[in-house]
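Peer 1: The structure is given below, and queries will be raised subsequently.
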Amino acid sequence: MQVSLALPSHLPALRDRLRALLGPQVAPVRLDPVSQLIHAVLSARTYEEVSWAAFMRLRAAMEDWTRLAEADVGELEQIIDPVTFADRKARQLPVLVRVLLLKRGGLDLDVLAQEPVSVAMAWLMSLPGVGAKAAAATLNFSTLDRPVLVVDTHVARVARRLGLVGRGDAQEAHLRLMSQVPATWTAGDLRELHCLMKTHGQSICDHFDPACHLCALRRDCPRTGVGAAGQVLAFRDLRAT
Ligand code: SF4
């Protein structure tokens, strides 16, 4: 039975249908909040395997994260290369750690477990170079375990094509999706939705060539059979499945 994504409960319906299609998802490794924040910075516009490898090299090179505050930018760039924008991230990380030390007197973000999610998000996004995705990842993926959805490029693309959000930026997509989250959903529910939408975006709802003929959402999707540039995917037989 098809469950309409147009119903008010469309996020639970979306989760159920993607779960039926993709099966259980393995959530990212749970790190302490500061480690998760540093990984989130490294992972911007970078493949996961590349960012995790860079994170492990960086963690091995620093005895603790406070050493990042005085680290040599050139050495940092060598350690984290080939993440995207390695030079910029190598400059950003020491500044970020210095600001954290200044604001908190140490590298401990556990206080964010007590704050309302919106306050914790705003505080993290006030840090240099930290956007909505990195802030949400710090709160949801880490041991803080806060109920906030991480909206990366894949999640935003799938949501946009399904008409769940408009064509605004990642911050707007984050706010629009969060406004649709059922009040009863836990941090784990939101991690699962993130993993399902991301996997769907990577495997089926590709940026350039969405495989709509394989998609469990195609009957409710206003972009069924339309490519990234608005072209009709004529080579697909959408009635075939
Ligand atoms: S029908 Fe096509 S565009 Fe819509 S969600 Fe599925 S793969 Fe993406």
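Peer 1: Calculate log10 I(q)/I(0) of the chain for q = 0.12, 0.14, 0.15 Å⁻¹, where I(q) comes from the Debye formula with a single equal point scatterer on each Cα and nothing for solvent.
Peer 2: -0.72, -0.93, -1.03
Peer 1: How much mean residue ellipticity at 222 nm does the chain get from its helices, if each DSSP H run of length 4 or more adds -39500 (n - 2.57) and you divide by all residues, to the nearest 500 deg cm²/dmol? Could the numbers behind the result be given before it?
Peer 2: Values: 10 runs with 118 residues, N = 241.
Value at 222 nm, helices only, nearest 500: -15000 deg cm²/dmol.
Peer 1: Between residue 81 and residue 172, what is the label-point separation in nm under the 7 Å Cα-to-beta-carbon projection?
Peer 2: A separation of 3.8 nm, rounded to one decimal place.
Peer 1: Then there's this: What ranking of 22, 93 emerges when the number of other C-beta atoms within 10 Å of each C-beta is taken as an exposure proxy, fewest first?
Peer 2: Working: 22 16, 93 25.
Taking fewest neighbouring Cβ atoms as first place, the list is 22, 93.
Peer 1: So if each residue of separation counts as 0.36 nm, and I subtract the Cα-Cα distance between residue 125 and residue 185, what length gain in nm does that give?
Peer 2: Roughly 19.3 nm would be gained on extension.
Peer 1: Tell me, in nm to one decimal, what length is gained between residue 72 and residue 115 on full extension, where the rule is 0.36 nm per residue of separation less the Cα-Cα distance?
Peer 2: In short, 12.1 nm is gained.
Peer 1: For a quick check: sort 197, 125, 62, 56 by the number of other beta carbons within 10 angstrom, fewest at the front.
Peer 2: Numbers: 197 30, 125 14, 62 17, 56 11.
The fewest-first ordering by Cβ neighbours comes to 56, 125, 62, 197.
Peer 1: Another question about this same structure. Excluding residues fewer than 8 places away in the same chain, name every one of the lysines whose C-alpha is closer than 17 Å to that of residue 133.
Peer 2: 89, 198
Peer 1: Compute the helix-to-body angle for 86-104: its Cα long axis versus the longest principal axis of the chain, expressed 0 to 90° and rounded to tens.
Peer 2: 70 degrees
Peer 1: Hey, another quick one. Can you pull out the trypsin sites (Lys or Arg not before Pro) in the stretch 30-76 whose DSSP state is coil and whose Cβ has at most 13 other Cβ atoms within 10 Å? Kindly include the intermediate steps, with their values, before the conclusion.
Peer 2: Working: sites: 30, 45, 57, 59, 67; in loops: 30, 45.
Passing both the DSSP loop test and the Cβ count: 45.
Values quoted throughout were computed directly from the atomic coordinates according to the rules given, and no laboratory measurement underlies them. Not measured: the values here are computed from a predicted model. All Cβ positions, glycine included, derive from the backbone under ideal geometry; neighbour counts span all protein chains shown.
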